[in-house]
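Novice: Encoded as structure tokens, here's the structure I'll be asking about.
The values are calculated or read from the model by the stated rules, or taken from the named source; none is laboratory data. All values derive from a computational prediction rather than experimental measurement. Don't worry about glycine lacking a Cβ; one is built from the backbone with ideal geometry, like all the others, and counts go over all protein chains shown.
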Amino acid sequence: MSSGPDSQPQPCFICVAGLTLRIETDRVLEEEARFRPFLTGEQTPDFRITFRQVDELPPIPAEVLYESDCYRVHPDGRGGYLRSFFDAPRDLTPYAVAVYDYPAGQIRIDYLEKGAKCVSEMHNSFFHLGFEALLIHRRRLCLHAACVETPLGGILFSGQSGIGKSTQAELWCRYRGAKQINGDRPILSQGEDGWLAWGSPYAGSSRCHLNESCPVTAIVMLRQAKECSLRRLSPPEAFRAVWSGITMHSWDEAFVEKACDLALELTGAVPVFEFSCTPDEAAVNYLEKGLREWKL
């Protein structure tokens, strides 16, 4: 296999949830608005990601453990995993292969000329990192939620898609002067003084991409209703509720085990509530009163 264009790699440093990623490519990596807050100067990275253009991809195992609409997961023969990427529906043959060594902080993506787009756009290059697995190996969870920093602390609104997470977050910003940290995929990590919620480049329709964090006070699982009610979930209920909002790599036993441990630690330290609510200021008033009564 031979290398691609004879140009010096242009390292790009991205800091997300306190982790620094050094991305090396042989092409210009165009900045994008949602990643701009996470760009940082050169520093010692936690992970080094190398994109390398090749004439021929390395051998790809025939066994497929998982297949999405644009990549397949294969065993790497050493107890880990690799991914082959394809451009469906136009071309189902792989254009890139990614090899991951998360414990060593090393990721390599070999790509063909037809896959040059994967290193010419920042969101495409980032997609190839296996981001959730990278986070899990550094004791961080990505939760499907909207996060706001309020006078009571950080509140995470979670629940199924379309349940009103963004609506409740926006109501707190409007009526309580809260700051939205992330509208779709905040990252949770355990600090010395408790759990923190971090912004991420993935924020859904909220387009809120803050590179900030706040202490997590409560996780609120939403239900739509004609009137408001609040109930603190029991430990088993809390775990199941949070577990349902975690992006899971079910083919990776170590990922599942680490995610389970972190979810148990999270729900053991942070109260989880079921909140049946209306889409108006009344919901803000009710939740604020309820959380204060729980002495949060």
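Novice: Would the stretch 88-97 turn up any residue that is under 21 Å from Leu21 (Cα atoms) and either in contact with a strand residue (DSSP E or B) (Cβ under 6 Å, 6 or more places away or on another chain) or not acidic (Asp, Glu) (or both)?
Specialist: yes
Novice: Sort out which residues of the stretch 94-109 are touching a helix residue (DSSP H, G or I) at 6+ places or on another chain (Cβ under 8 Å) and more than 9 Å from Ser84 (Cα to Cα), and write them in order of number.
Specialist: Within the stretch 94-109, Tyr100, Tyr102, Ile107, Ile109 meet the criteria.
Novice: Looking for whichever is among the small types (Gly, Ala, Ser), surrounded by fewer than 16 Cβ atoms within 10 Å (Cβ to Cβ) and touching a strand residue (DSSP E or B) at 6+ places or on another chain (Cβ under 8 Å) here; the options are Ser161, Ser120. Which one fits?
Specialist: Criteria check complete, one pass: Ser120.
Novice: Ok, one more. If you take the residues of the stretch 19-69 that are under 21 Å from His249 (Cβ atoms) and acidic (Asp, Glu), which of them is modelled with the lowest pLDDT?
Specialist: Asp69
Novice: Among the residues of the stretch 155-172, is any in contact with a Lys or Arg (Cβ under 8 Å, 6 or more places away or on another chain) and within 16 Å of Phe255 (Cα to Cα)?
Specialist: Scanning the stretch 155-172, I find no residue that is in contact with a Lys or Arg (Cβ under 8 Å, 6 or more places away or on another chain) and within 16 Å of Phe255 (Cα to Cα), so the answer is no.
Novice: Among all residue pairs at least 6 apart or on different chains, which show Cβ distances below 8 Å where the first residue, located in the stretch 74-88, is outside the structural domain of Arg108 (by TED's automatic domain parsing) and buried (at least 20 other Cβ atoms within 10 Å of the Cβ) and the second is among the acidic types (Asp, Glu) and part of a loop (DSSP other than H, G, I, E, B)?
Specialist: Every condition considered, no pair remains.
Novice: Now for a separate question. Assess whether Arg90 counts as being under 30 Å from Gln190 (Cβ atoms) and basic (Lys, Arg).
Specialist: Taking the combined requirement at face value, the residue does not satisfy it.
Novice: Can you tell which of Arg185, Arg223 is part of a strand (DSSP E or B) and out of contact with any Lys or Arg (no Cβ under 9 Å at 6 or more places or on another chain)?
Specialist: Arg223
Novice: Pairs, please: C-beta under 6 Å, at least 6 apart or cross-chain, first residue at negative phi and of a type in the set (A, V, I, L, M) and in the stretch 216-237, second modelled with pLDDT under 95 and part of a helix (DSSP H, G or I)?
Specialist: none
Novice: Considering each of Ala259, Ala241, Ala263 in turn, give the residue that is surrounded by 14 or more Cβ atoms within 10 Å (Cβ to Cβ) and more than 30 Å from Thr40 (Cβ to Cβ).
Specialist: So the residue among Ala259, Ala241, Ala263 that is surrounded by 14 or more Cβ atoms within 10 Å (Cβ to Cβ) and more than 30 Å from Thr40 (Cβ to Cβ) is Ala241.
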